[in-house]
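I have a structure here, written as structure tokens, and I will follow up with some questions on it.
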Amino acid sequence: MHKRLHVAYNFPEVHNYFTQPFFEIYGAEVLILPKTATRQKSSTTTNRDSNNGSSKTASPKPDDGSPQATDKVDRKEAQAEYKERKKSQKDSIKNTDPKLLKEMLYQMVLGRVFEQKCAEVYRIGKIGGFCHLYIGQEAVGVGAIMATDRDRDFVITAYRDHVQAMVVGITPEAVMAELYGKAGGNVGGKGGSMHMFSKEFNFFGGHGIVGGQIGVGTGMAYAQKYKESDGVTLCFFGEAAVNQGIFHESLNMAQLWKLPIIYICENNQYGMGTSQKRAMSISSIASKAEGFGMANEFVDGMDVMAVREATERAVKRARKNSLPTLLEIRCYRYMGHSMSDPGKYRTTEEIKKYQERDPIVLFKESLTEAKVISDKDYTEIEIRAKESTEKAMKFADESPLPDAKELFTDVYA
């Protein structure tokens with residue numbers, strides 16, 4: 001059980017990580033996770049076959065819960081969509097190894113619990129600097145990374161990287177200690193929140209420059225092809241990075257040179273505090289790949305099975321034919337852009353609309369109804385995630401600060 005926080009407001013004590021309040025940065029908003037969740041769906045889908053591989057694009061419905069849509073929460077519509085989407089997810093579950101399914105759920109729960117703990121300790125000063133939380137987006141990182149071969153495939157991402165780092169295999173202890181700036185951290189306390197890295201687990205960052213990792217990831221895929229490693233690169237970025245020139249230049253080269261890379265746009269619909277509608281003339285990011293003749297697909301990022309299946313298709317395309325893919329994975333972050341962002345540009349109703357589709361709640365209920373897990377199994381998963389997070393906290397607290405001489409190591413100029 002957490003202690004009561006006294007930062008700017010008093011918060012209720014927490015009895016369960018998935019019935020507890022989600023609060024905005026200064027306690028201005030108190031948001032409760034629902035008992036059910038729904039998945040997004042697209043209104044139109046078109047398929048195209050070309051010499052460069054199949055392509056699948058989709059445009060979301062105008063009222064799909066995005067910022068440009070109404071903030072009114074239609075509970076009946078949400079419940080109807082929830083039932084429809086859960087059926088689709090259960091169909092996918094039937095053809096998937098139960099052990100893998102349980103591990104996917106655990107990684108999602110661990111990510112949620114870990115990030116909530118990060119929010120707590122940031123507020124009391126144990127974590128400093130920038131800190132971007134992944135709460136609400138867990139299905140994207142877990143679904144995509146767990147569709148790859150961790151021995152030969154590479155992952156590179158932006159600054160919202162804690163959960164992805166743990167999914168590839170970096171321990172929660174190493175991630176938390178890095179957030180603390182401690183010597184026991186993932187990169188010795190010198191990278192902090194935005195710069196996790198592990199050559200051992202083929203995880204190449206953690207990049208703070210918006211869109212900067214897209215060019216690096218493209219180069220990584222070029223190296224994989226050059227070395228004939230049969231590996232694939234996953235390159236994650238947010239939708240705001242799509243407006244950077246490096247995005248278009250990289251996609252052009254990847255398709256021209258036929259590189260084994262999957263560009264994953266985690267479209268949480270806000271570039272910091274600016275909605276996608278205000279910053280982008282075309283709402284469908286997936287369709288931007290059409291200009292390069294590249295395979296592409298719109299994916300529901302609140303559904304871990306949909307993400308995993310779309311990534312599997314893209315991995316197969318990359319591994320077999322050395323062809324790139326752009327995946328637009330529509331998701332939603334419940335918290336602000338970073339811990340310094342109170343999120344005043346969104347309404348409580350908008351956030352509640354997405355909480356109706358919470359990816360963890362949906363997956364848990366689908367697995368329960370499919371008899372893959374029981375209520376007892378889920379309780380054990382929660383306990384395991386909490387214990388792992390508490391262990392990471394203890395490790396970070398006890399880890400020493402880096403030696404002063406480390407200030408000059410790993411510096412190249």
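The values are calculated or read from the model by the stated rules, or taken from the named source; none is laboratory data. Predicted, not measured: the structure shown is a model, and the values here were computed from it. Cβ coordinates were reconstructed from backbone atoms using ideal geometry, including for glycine residues, and neighbour counts include every protein chain displayed.
Being β-branched (Val, Ile, Thr), at pLDDT below 95 and either surrounded by fewer than 19 Cβ atoms within 10 Å (Cβ to Cβ) or closer than 23 Å to LYS87 by Cα (or both) is the filter here, so list the residues in the range 348-360 that pass it.
Within the range 348-360, the subset β-branched (Val, Ile, Thr) is 348, 351, 360.
If we keep only those that are at pLDDT below 95 as well, we get 348, 351.
Across the range 348-360, the qualifying residue is only THR348.
Restricting to the range 282-341, and then to whatever is β-branched (Val, Ile, Thr) and part of a loop (DSSP other than H, G, I, E, B), can you tell me which residue is modelled with the highest pLDDT?
ILE285
Go through (1) at pLDDT below 95; (2) under 9 Å from the mean Cα position of the chain (by Cα) for GLN137 and report which single condition fails.
Going through (1) at pLDDT below 95; (2) under 9 Å from the mean Cα position of the chain (by Cα) one by one, GLN137 breaks only (1).
On the basis of being at positive phi and of a type outside the set (Ser, Thr, Tyr), does LYS371 make the cut? First the steps, then the outcome.
Numbers: at positive phi: yes; of a type outside the set (Ser, Thr, Tyr): yes.
Criteria met by LYS371.
Do any residues in the range 373-397 that are surrounded by 13 or more Cβ atoms within 10 Å (Cβ to Cβ) have Cβ atoms under 7 Å from those of residues that are of a type in the set (A, V, I, L, M) and at pLDDT below 95, where the two are at least six apart or on different chains, and which pairs are they?
No pair meets every condition.
Filter the range 361-372 for residues that are charged (D, E, K, R) and in a helix (DSSP H, G or I); which is surrounded by the most Cβ atoms within 10 Å (Cβ to Cβ)?
Looking at residues that are charged (D, E, K, R) and in a helix (DSSP H, G or I), I get LYS364.
Related question: So which of VAL175, VAL167 is modelled with pLDDT of 95 or more, touching a His at 6+ places or on another chain (Cβ under 6 Å) and of a type outside the set (Asp, Glu)? Don't jump to the end; show me each part of the working.
Values: VAL167 fails: touching a His at 6+ places or on another chain (Cβ under 6 Å).
It is VAL175.
Next question. Name the pairs whose Cβ atoms lie under 8 Å apart, with the first residue in the range 96-109 and more than 15 Å from SER366 (Cβ to Cβ) and in contact (Cβ under 8 Å) with a residue 40 or more places away in the chain, the second buried (at least 17 other Cβ atoms within 10 Å of the Cβ) and among the charged types (D, E, K, R), and 6 or more positions between them or separate chains?
Cβ pairs passing all conditions: GLN107/GLU138.
For the range 176-186, check the following and say yes or no: at least one residue is in contact with a Ser or Thr (Cβ under 8 Å, 6 or more places away or on another chain), buried (at least 19 other Cβ atoms within 10 Å of the Cβ) and acidic (Asp, Glu).
Yes, the range 176-186 contains a residue that is in contact with a Ser or Thr (Cβ under 8 Å, 6 or more places away or on another chain), buried (at least 19 other Cβ atoms within 10 Å of the Cβ) and acidic (Asp, Glu).
Of these, LYS371, LYS405, LYS376, LYS394, which one is within 19 Å of ILE93 (Cα to Cα), at pLDDT 90 or above and basic (Lys, Arg)?
The match here is LYS371.
Anything in the range 213-244 that is touching a residue at least 12 places away in the same chain (Cβ under 8 Å) and surrounded by fewer than 17 Cβ atoms within 10 Å (Cβ to Cβ)? List them, or say none. Don't jump to the end; show me each part of the working.
Filtering the range 213-244 down to residues touching a residue at least 12 places away in the same chain (Cβ under 8 Å) leaves 213-218, 220-222, 224-225, 229-244.
SER229, ASP230, ASN243, listed by residue number.
Residue check: is LYS117 at pLDDT 95 or above, closer than 22 Å to HIS337 by Cβ and of a type in the set (Lys, Arg)?
Working: at pLDDT 95 or above: yes; closer than 22 Å to HIS337 by Cβ: yes; of a type in the set (Lys, Arg): yes.
Considered against the rule, which asks whether it is at pLDDT 95 or above, closer than 22 Å to HIS337 by Cβ and of a type in the set (Lys, Arg), LYS117 comes out as yes.
Now, a different point. Looking at (1) in contact with a helix residue (DSSP H, G or I) (Cβ under 6 Å, 6 or more places away or on another chain); (2) within 25 Å of LYS99 (Cα to Cα); (3) surrounded by fewer than 21 Cβ atoms within 10 Å (Cβ to Cβ), which is the only condition ASP151 fails?
(1)
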